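This report refers to the structure that appears directly beneath it.
Since every read-out is calculated from the coordinates, none of them should be taken as a lab result. Just so it is clear, the structure is predicted and the values come from calculations on it, not from any experiment. As a convention, Cβ positions derive from the backbone with ideal geometry for all residues, glycine included, and neighbour counts pool all protein chains shown.
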Amino acid sequence: MPLFLASAQAVVQHGVPSQILSVASPIRSLSFLPDGAPSSCYPVYPGRSVAGPILNTALHYQAIASSAPCNQRLKSTYSSVSFQPTLDQHRLIFGIDGSGRLHLQAR
């Protein structure tokens, strides 16, 4: 009786929560564009913190800060960051400064 050994390569996926923090700035939305997956848009409120998306560690993303609200086409981009969450990250914080620049912090 032949013996068959099967091997499978597993891709470990993990969801990393995110937070969006903004000071008074011209930014009204933050769009997340993952490679090979649907994009999402989150409203940004000056002086407030809002929950962002749960980010998949198996995907590479581009986050784009815009002066356009989520219900309008992306027109004016102030800043963007490219990133891929890692398994050792517990939370990603997207900070938007007064000039509209986007900063990424991992915790």
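How far apart, in nm, are the 7 Å Cα→Cβ label points at Ser76 and Ala58?
Going from the Ser76 label point to the Ala58 one covers 3.9 nm.
Report, by chain and number, residues whose modeled amide H sits under 5 Å from the one on His60, excluding near sequence neighbours (fewer than 5 apart, same chain).
Result for His60 returns Asp35.
Please report Cys41, Cys70 as a ranked list, fewest other C-beta atoms within 10 angstrom at the top and most at the bottom.
Listed from fewest to most nearby Cβ atoms, that is Cys70, Cys41.
Under the rule a/c < 1.5 gives rounded, and otherwise a/b versus b/c splits prolate from oblate, where does the range 16-106 land using the Cα gyration tensor?
Verdict is oblate for the range 16-106.
If amide hydrogens are placed 1.01 Å from N in the peptide plane, which non-local residues have theirs closer than 5 Å to the one on Arg28?
Ser66, Ser67, Ala68
Would you mind checking which residues have amide H under 5 Å from Ser22's amide H? H placed 1.01 Å from N; only 5 or more apart, or other chain.
Residues meeting the amide H criterion: Gly47, Arg48, Ile96.
For Arg91, Arg73, Arg107, Arg28, what ranking results if the residue with the fewest other Cβ atoms within 10 Å of its Cβ goes first?
Arg73, Arg107, Arg91, Arg28
Arrange Thr86, Thr57 by Cβ neighbour counts within 10 Å, fewest through most, would you?
Lowest count first: Thr86, Thr57.
Residue by residue through the range 96-102, what is 3J(HN,Hα) from phi via Karplus (6.51 cos²θ - 1.76 cosθ + 1.60, θ = phi - 60°)? Round to whole Hz and write x for glycine and proline.
Working through the residues one at a time gives 10, 7, x, 8, x, 6, 9 Hz.
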